[in-house]
Amino acid sequence: MKTLHIGLDIKIYENIDELSNRDAQLMNEAKAALQKSHSPYSKFQVGASVILENGKVLSGANQENAAYPMCLCAEMVVLSTVSSEYPSMIINTMAITVKSSSQVIDLPVPPCGACRQTIFEFEQRQQKPIRILLQGEKGAIYEIASAKDILPLSFDSSFL
Ligand code: THU
């Protein structure tokens, strides 16, 4: 018997002032995108911004429906915009932030499993890692080097 250990390194910044200007700007775009959230059911806003290789920044926010399973996560919204508007452009970094009406979230909130799979598949397509920055409403920021890091034992097209 052997044990397989899969590790994860996360860079932690105490606040937005510790980020590079470019990363701080991207996180602020994600925060601005919270305004575009349509979340009357969960009252949980999520904003996601990406910076592409050509410097273009795009943002999205979660969009809910009365039929709950049809909700769209912010990450899916912004990734759909990238693949529709800039189909072969490489994504360098994605910033994700949240705001809840019931509590101040001061911890970074990670993307859900479906979003991790989707970001990971974009990474596979572009054959370059997508760096992920996470922040709650305030507090520390996590930097994750690649979506693959938060999706260990990932399923991809090589199995098909
Ligand atoms: N949500 C996202 O936008 N991204 C995630 O990664 C997790 C959850 C949204 C979906 C729903 O509108 C609300 O947050 C509560 O689950």
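All C-alpha pair distances within the chain, sorted into 10 Å bins from zero, spread as 11, 40, 35, 12, 2, 0 percent across the bins. The calculated 222 nm mean residue ellipticity attributable to helices in the chain amounts to -7500 deg cm²/dmol, summing -39500 (n - 2.57) over DSSP H runs of n ≥ 4 and dividing by all residues. If the segment from Asp156 to Gln25 were pulled out straight at 0.36 nm per residue, it would be longer than the present Cα-Cα gap by 44.0 nm.
Considering only Pro108, Ser59, Ala145, the residue lying farthest towards the positive end of the dipole of the chain is Ser59, judged by Cα position with unit charges set on Cβ. Values of log10 I(q)/I(0) for the range 27-122 across q = 0.21, 0.23 Å⁻¹ run -1.05, -1.22, by the Debye formula with one identical scatterer at each alpha carbon and no solvent. The slack between Ser101 and Lys11, meaning 0.36 nm per residue of separation minus the straight C-alpha distance, is 29.6 nm.
Remark: relative contact order (the chain) = 23 percent; criterion is Cα-Cα distance under 8 angstrom and separation of 6 or more residues. Heavy-atom accessible surface of the chain, averaged per residue, reaches 57 Å², computed with a 1.4 Å probe.
Within the accessible surface of the range 102-158, defined with a 1.4 Å probe on protein heavy atoms only, the carbon and sulfur portion equals 55 percent.
In terms of the mean number of neighbouring beta-carbon atoms within 10 Å, the peptides 53-61, 26-34 order highest first as 26-34, 53-61.
Pairs of alpha carbons in the range 79-123 separated by more than 16 Å make up 50% of all such pairs.
Here the extension length gained between Met70 and Lys43 equals 8.1 nm, from 0.36 nm per residue of separation less the Cα-Cα distance. The range 108-135 and the range 11-58 have Cα centres lying 14 Å from one another.
The values are calculated or read from the model by the stated rules, or taken from the named source; none is laboratory data. Every value quoted in this text rests on a predicted model; they were computed, and no experiment measured them. Don't worry about glycine lacking a Cβ; one is built from the backbone with ideal geometry, like all the others, and counts go over all protein chains shown. Heavy atoms of the whole protein, side chains included, go into the accessibility calculation; ligands, DNA and RNA do not. Shrake-Rupley method; radii C 1.70, N 1.55, O 1.52, S 1.80 Å.
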